[in-house]
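A short worksheet on the structure shown next.
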Amino acid sequence: MKIKKFSCHRCGAPKVNAYKNPYVVCDYCGEMIDVDYAAGLEVWNHSEEHTNKYLQMKQKFETNSARYAKQKNKEAYRKEQYDYWDFYYTHYPEYLPPSIPKGEKYKLFITAAADMMADSVFSNPSTEKNDQYTKAYGNLEYYQKNGKTLVKYESFIKMMDVYLELQSDGFRIVYDNPKYQIMHEVLPEEFQLKMKLSQIAQVWIPYLDDQHADAFLTKHKLKHEYVEIEEPQRINVVCEDCKKDLSIPTGALRCICEHCRHENILRKTTHCINCGNENTLPDNWSMMMDCVTCGTELRVVQPLFG
Ligand SMILES: [Zn+2]
Ligand SMILES: [Zn+2]
Ligand SMILES: [Zn+2]
């Protein structure tokens, strides 16, 4: 079968299951592997009505937030942001990082998102970069090609450079602050950045000519190669929580249910091919481990994809 080429940094397995979410999760060990721009775009645009509803609500949240910012009412601003992020992830559940289960952690994540917005708006960060960004945005040059309006690549790249610097400053507020510890766990910086790049690409790719669109996607590793692999063997299991059927590749350790986000633990040991011992996996297991009985080096997840 032909699949997009992803390789799990934790267990080495390829991505074998079909998926809709832009966050790509390993089917064997449950790690978040990458962000798939194309999948994100597809789910974002799956229905015009759905997208319009989002844009309409976003406008309302933005208007209110701007008013609270002007009134210097941080609490109201924070509350508005909380409601916005809650709406966002309810409207586009596919965009919620799969590392966030239901319940308490979801609330913590939404609270962190709202706090971050409030902190960055009310802490009066240097507006110099904001001004630079506004200027670069205003300096975008457009041209016509085959009846379409396109943006000149050099002017776009200049804007992107400032945009990325701005993001990087914003990330420092979040990832260097112990208050947002949860973010390291559920949405590490590299994934957050890639998601931002993906969303920028969603907006701007239609305004770039094919060659430049390709250059942009390649530069930010938003394009994926395809590979041919042997169809893996599968087993069916029932999700412990929602009781729906899940099709899982043989040898998987962990499966985050695609229906309810429950984390199903499928096995906690690795079988030694040499002596037959079942080795208990340590919490922070890595790709390879030595059999505790005979010392044979074992691959924790299926050696099939070596
Ligand atoms: Zn994995
Ligand atoms: Zn489930
Ligand atoms: Zn052994």
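The values are calculated or read from the model by the stated rules, or taken from the named source; none is laboratory data. Note that the structure is a prediction, hence the values are computed from the model and not measured. Note that each Cβ is placed from the backbone with ideal geometry, even for glycine, and that neighbours are counted across all protein chains shown.
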Looking at the stretch 208-246, which of its residues are within 16 Å of ligand 2 (Cβ to nearest atom) and under 22 Å from L96 (Cβ atoms)? C239, E240, D241, C242, K243, K244, L246
All but one of (1) in a helix (DSSP H, G or I); (2) closer than 26 Å to K2 by Cβ hold for I235, so report the exception by its number. (1)
Taking Q167 as the residue in question, decide whether it is surrounded by 13 or more Cβ atoms within 10 Å (Cβ to Cβ), polar (S, T, N, Q), under 19 Å from the mean Cα position of the chain (by Cα) and closer than 30 Å to G30 by Cα. yes
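Only one of E94, E75, E62, E80 is within 30 Å of C255 (Cα to Cα), among the acidic types (D, E) and either assigned to a helix (DSSP H, G or I) or assigned by TED's automatic domain parsing to the domain that holds L281 (or both). Can you tell me which? So that I can check it myself, show each step before the final result.
Details: E75 fails: within 30 Å of C255 (Cα to Cα); E62 fails: within 30 Å of C255 (Cα to Cα); E80 fails: within 30 Å of C255 (Cα to Cα).
That would be E94, the only listed residue that is within 30 Å of C255 (Cα to Cα), among the acidic types (D, E) and either assigned to a helix (DSSP H, G or I) or assigned by TED's automatic domain parsing to the domain that holds L281 (or both).
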Criterion: within 12 Å of ligand 2 (Cβ to nearest atom) and either surrounded by 14 or more Cβ atoms within 10 Å (Cβ to Cβ) or more than 25 Å from A18 (Cα to Cα) (or both) - qualifying residue of E278, E263: E263
Quick check: is even one residue across the stretch 218-235 of a type outside the set (S, T, N, Q), in contact with a Ser or Thr (Cβ under 8 Å, 6 or more places away or on another chain) and surrounded by fewer than 13 Cβ atoms within 10 Å (Cβ to Cβ)? yes
Please indicate, with yes or no, whether at least one residue in the stretch 98-109 is over 15 Å from Y84 (Cβ atoms), of a type in the set (A, V, I, L, M, F, W, C) and in a helix (DSSP H, G or I). yes
Looking at (1) closer than 25 Å to V43 by Cα; (2) in contact with a strand residue (DSSP E or B) (Cβ under 7 Å, 6 or more places away or on another chain), which one does C272 not meet, given that it meets all the others? (1)
From Y19, Y28, Y37, Y23, which residue is under 19 Å from the mean Cα position of the chain (by Cα), hydroxyl-bearing (S, T, Y) and within 16 Å of ligand 2 (Cβ to nearest atom)? Y19
Of the conditions (1) part of a helix (DSSP H, G or I); (2) under 17 Å from the mean Cα position of the chain (by Cα), K223 fails just one. Which one is it? (1)
Residue count, the stretch 270-300 (criterion: touching a residue at least 24 places away in the same chain (Cβ under 8 Å) and small (G, A, S)): 1
Go through the residues of the stretch 118-134 one by one and say whether even a single one is surrounded by 17 or more Cβ atoms within 10 Å (Cβ to Cβ), closer than 21 Å to R78 by Cα, modelled with pLDDT under 90 and of a type in the set (A, V, I, L, M, F, W, C). yes
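One line per residue, one yes/no per condition, for (1) over 19 Å from V121 (Cβ atoms); (2) among the polar types (S, T, N, Q); (3) out of contact with any Lys or Arg (no Cβ under 6 Å at 6 or more places or on another chain):
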site	(1), (2), (3)
N139	yes, yes, yes
Y153	yes, no, yes
L166	no, no, no
N177	no, yes, yes
P188	yes, no, yes
K194	yes, no, yes
I200	yes, no, yes
Name the residue, out of S198, S247, that is assigned by TED's automatic domain parsing to the domain that holds M159 and either among the aromatic types (F, W, Y) or surrounded by 12 or more Cβ atoms within 10 Å (Cβ to Cβ) (or both). S198
Just wondering, is there one or more residues in the stretch 173-188 that are without any contact (Cβ under 8 Å) to a residue 40 or more places away in the chain, touching a Pro at 6+ places or on another chain (Cβ under 8 Å) and surrounded by 12 or more Cβ atoms within 10 Å (Cβ to Cβ)? no
Please go through the stretch 1-42 and pick out each residue that is surrounded by fewer than 19 Cβ atoms within 10 Å (Cβ to Cβ) and outside any loop (DSSP other than H, G, I, E, B). K2, I3, K4, S7, A38, L41, E42
In the stretch 129-164, what count of residues is obtained for those that are over 20 Å from I205 (Cα atoms), without any contact (Cβ under 8 Å) to a residue 40 or more places away in the chain and charged (D, E, K, R)? 2
